[in-house]
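Participant: This is the structure I have questions about; it appears just below.
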Protein chains: 2
Amino acid sequence: MSKWPKQVTIKEVGPRDGLQNEKTAISTEDKIAWINQLSKTGLTYIEITSFVHPKWIPQLSDAFEVAMRIERAPGVTYAALVPNQKGLEKALAAQVDEVAVFMSASETHNRKNINKSIEETFPVLEEVVRAAKQEGKTVRGYVSTVFGCPYEGNVSVEQVIRVSERLFDMGIDELSLGDTIGVATPKQVQELLEIVLKRFPKEKLAMHFHDTRGTALANILISLEMGITTFDSSLGGLGGCPYAPGASGNVATDDLVYMLHGMDIATGIDVGRLMEAALFIQEKIGRPLSSRYLQTISM
Amino acid sequence: MSKWPKQVTIKEVGPRDGLQNEKTAISTEDKIAWINQLSKTGLTYIEITSFVHPKWIPQLSDAFEVAMRIERAPGVTYAALVPNQKGLEKALAAQVDEVAVFMSASETHNRKNINKSIEETFPVLEEVVRAAKQEGKTVRGYVSTVFGCPYEGNVSVEQVIRVSERLFDMGIDELSLGDTIGVATPKQVQELLEIVLKRFPKEKLAMHFHDTRGTALANILISLEMGITTFDSSLGGLGGCPYAPGASGNVATDDLVYMLHGMDIATGIDVGRLMEAALFIQEKIGRPLSSRYLQTISM
């Protein structure tokens, strides 16, 4: 009945999207050790840090050092988030393979997050994309609040398309559509993808779900059925709220891999090594992470 | 693309399957207060307790008192688990509306759980079903370990069919297929249902998922696509391990309702009242429950 792909690419965003939302400070040494472990799991893409101003995300103020000191495994793309030209320069100096730019589909979230209107953000990102491309880097574009905005509520598909189109026009190589606050359900995902897939090639699309309301794997299942083969996730479901153990950040890489492998969909990931890396970072965070699968082996 | 039903029936099994797996003792008064709250949420089916010997499940040793003292709301079916004729007699004396019999698809789990072989279990259940029917009760049949056994690993679809067929032959009104240890993935669910739906009418089938590895809502999504419209769940995801906050018991009613309502699938449930009941039992259990949705309103 359902058509699922035979292979999926998982992009590990835990060192960036996971850790930036954790209250526990992780030392630079531990970040490096963890990323080095991740490099040996079979993952082919790791978003290692963010070159935003340390004032905004103090958890990642060691971006340069982390990027410079990790071991680079062949076949692994090491990416970093950059907000502007200044961030890009640092990321280039730190020799990342790929840079990721970001903005929101909703006006208010964009203003709160980037301190600019959507219209004002476009030229800033355009400059970053052009400069990164000149340096031979690939560029990923993130669109946040695709399925809902914490300030505005509903976000129209038209607005998502408008922002996505501008990012593709700038020359990004891949677009990651983010359910930043974890509100999406499979129907919404289907309705969005029906429109998005008419405009952009599925090979250039990634879905980025948060598991805040438990729907992330169901949203991934419907995405798979619609032909999407790239998903962002964080090992252990890092980025959840430490005061509410059930609350989750990104969909957990380990839960995702469990589901995909159980469906005979290849990821190239070695589960044993992945779980070693998960137990390592769980111990450093110092509380049970929100991933379900991890808890079955942590007990 | 996908075909989803317009309406789904949720069968709340938290007072039985949830509480029997919780370490925290809940007082009889609190159980009654909680079930009375559940009766006002729009749920049409509540499995309130189990009439197994208190030696096996001391948490539910107050089964008779709970069943006798709850307020019975019109339109709500109050069901209880019964293992044998003795349990049935108590359940009938306590005036439950429906009884549920249970057995496993795997030989070893059946022996460990019921202390009988599968073949020895059939006549016991047959007698219970016959007697319950004579008293005008409807009967639900549970099959456990449908997607995997903690002792045997894989469980064949043939074995599930064999046990299910015998239960239907006895005269059960509904069959609930249980992923007792929470190992199923959507592919396995699809493969099972493709065979099961050729043998039994979908109106008589319910799916009973545990969210141990995070796949429950994805498994429900594929079940919906295949025509299943009845699902068991526990409010708050009760029944998880208290020492591993991410570990979950039954799929959480609140996560399920969030997904279904977001897909415009009606359940008849009032989310506000449901969450009041969830916060009540969470407070009594004394730890954050494993449901994702509940944590977004608990913070």
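Participant: Would you mind telling me which numbered condition in (1) in contact with a strand residue (DSSP E or B) (Cβ under 7 Å, 6 or more places away or on another chain); (2) open to solvent by 20 Å² or more (accessible area, probe 1.4 Å); (3) within 20 Å of A:GLY262 (Cα to Cα); (4) among the hydroxyl-bearing types (Ser, Thr, Tyr) B:SER156 fails?
Facilitator: Of the numbered conditions (1) in contact with a strand residue (DSSP E or B) (Cβ under 7 Å, 6 or more places away or on another chain); (2) open to solvent by 20 Å² or more (accessible area, probe 1.4 Å); (3) within 20 Å of A:GLY262 (Cα to Cα); (4) among the hydroxyl-bearing types (Ser, Thr, Tyr), the odd one out for B:SER156 is (1).
Participant: Let me ask another. When you look at A:THR9, is it surrounded by fewer than 24 Cβ atoms within 10 Å (Cβ to Cβ) and among the polar types (S, T, N, Q), yes or no? Give the steps one after another, and end with the answer.
Facilitator: Values: surrounded by fewer than 24 Cβ atoms within 10 Å (Cβ to Cβ): yes; among the polar types (S, T, N, Q): yes.
Spelling it out, A:THR9 is indeed surrounded by fewer than 24 Cβ atoms within 10 Å (Cβ to Cβ) and among the polar types (S, T, N, Q).
Participant: Here is a check on your reading of the model: is A:THR212 open to solvent by 10 Å² or more (accessible area, probe 1.4 Å), hydroxyl-bearing (Ser, Thr, Tyr) and away from every other protein chain (no Cβ under 13 Å)?
Facilitator: Numbers: open to solvent by 10 Å² or more (accessible area, probe 1.4 Å): yes; hydroxyl-bearing (Ser, Thr, Tyr): yes; away from every other protein chain (no Cβ under 13 Å): no.
No.
Participant: A further question on this structure: Given the condition within 30 Å of A:VAL124 (Cβ to Cβ) and either open to solvent by less than 20 Å² (accessible area, probe 1.4 Å) or within 14 Å of another protein chain (Cβ to nearest Cβ) (or both), answer yes or no: does some residue in the range A:251-268 qualify? Talk me through it step by step, then tell me what you get.
Facilitator: Keep residues of the range A:251-268 that are within 30 Å of A:VAL124 (Cβ to Cβ), which gives A:251.
With either open to solvent by less than 20 Å² (accessible area, probe 1.4 Å) or within 14 Å of another protein chain (Cβ to nearest Cβ) (or both) added as a condition, the list becomes A:251.
For the range A:251-268, residues within 30 Å of A:VAL124 (Cβ to Cβ) and either open to solvent by less than 20 Å² (accessible area, probe 1.4 Å) or within 14 Å of another protein chain (Cβ to nearest Cβ) (or both): present.
Participant: Here is a follow-up. Considering only the range B:1-34, how many residues are within 14 Å of chain A (Cβ to nearest Cβ) and within 20 Å of B:GLU225 (Cβ to Cβ)?
Facilitator: The total comes to 7.
Participant: Hey, another quick one. Sort out which residues of the range A:221-236 are surrounded by fewer than 24 Cβ atoms within 10 Å (Cβ to Cβ) and either more than 9 Å from chain B (Cβ to nearest Cβ) or in contact (Cβ under 8 Å) with a residue 60 or more places away in the chain (or both), and write them in order of number.
Facilitator: If we filter the range A:221-236 for residues that are surrounded by fewer than 24 Cβ atoms within 10 Å (Cβ to Cβ), which is where we start, we get A:224-230.
Within the range A:221-236, A:LEU224, A:GLU225, A:GLY227, A:ILE228, A:THR229, A:THR230 meet the criteria.
Participant: Might you check whether a residue that is of a type in the set (A, V, I, L, M), open to solvent by 20 Å² or more (accessible area, probe 1.4 Å) and either touching a Lys or Arg at 6+ places or on another chain (Cβ under 7 Å) or not in a strand (DSSP E or B) (or both) occurs anywhere in the range B:28-36?
Facilitator: yes
Participant: Another question, then. Pick out the one residue from B:ALA277, B:ALA184 that is out of contact with any His (no Cβ under 7 Å at 6 or more places or on another chain) and away from every other protein chain (no Cβ under 12 Å). Reasoning before the result, please.
Facilitator: Working: B:ALA184 fails: away from every other protein chain (no Cβ under 12 Å).
It is B:ALA277.
Participant: Could you list, in sequence order, all residues of the range A:17-56 that are of a type in the set (Asp, Glu), touching a strand residue (DSSP E or B) at 6+ places or on another chain (Cβ under 9 Å) and closer than 17 Å to A:MET68 by Cβ? Walk me through it before giving the result.
Facilitator: Pass one, the range A:17-56, residues of a type in the set (Asp, Glu): A:17, A:22, A:29-30, A:47.
Of the ones still in play, those that are also touching a strand residue (DSSP E or B) at 6+ places or on another chain (Cβ under 9 Å) are A:17, A:47.
Scanning the range A:17-56 gives a single hit, A:GLU47.
The values are calculated or read from the model by the stated rules, or taken from the named source; none is laboratory data. Note that the coordinates shown come from a computational prediction; the quantities given were computed from them, not determined experimentally. Neighbour counts run over all protein chains shown; Cβ positions are idealised from the backbone, glycine included. Keep in mind that these areas ignore ligands, DNA and RNA; they rest on the heavy atoms of the full protein, side chains included. Shrake-Rupley method; radii C 1.70, N 1.55, O 1.52, S 1.80 Å.
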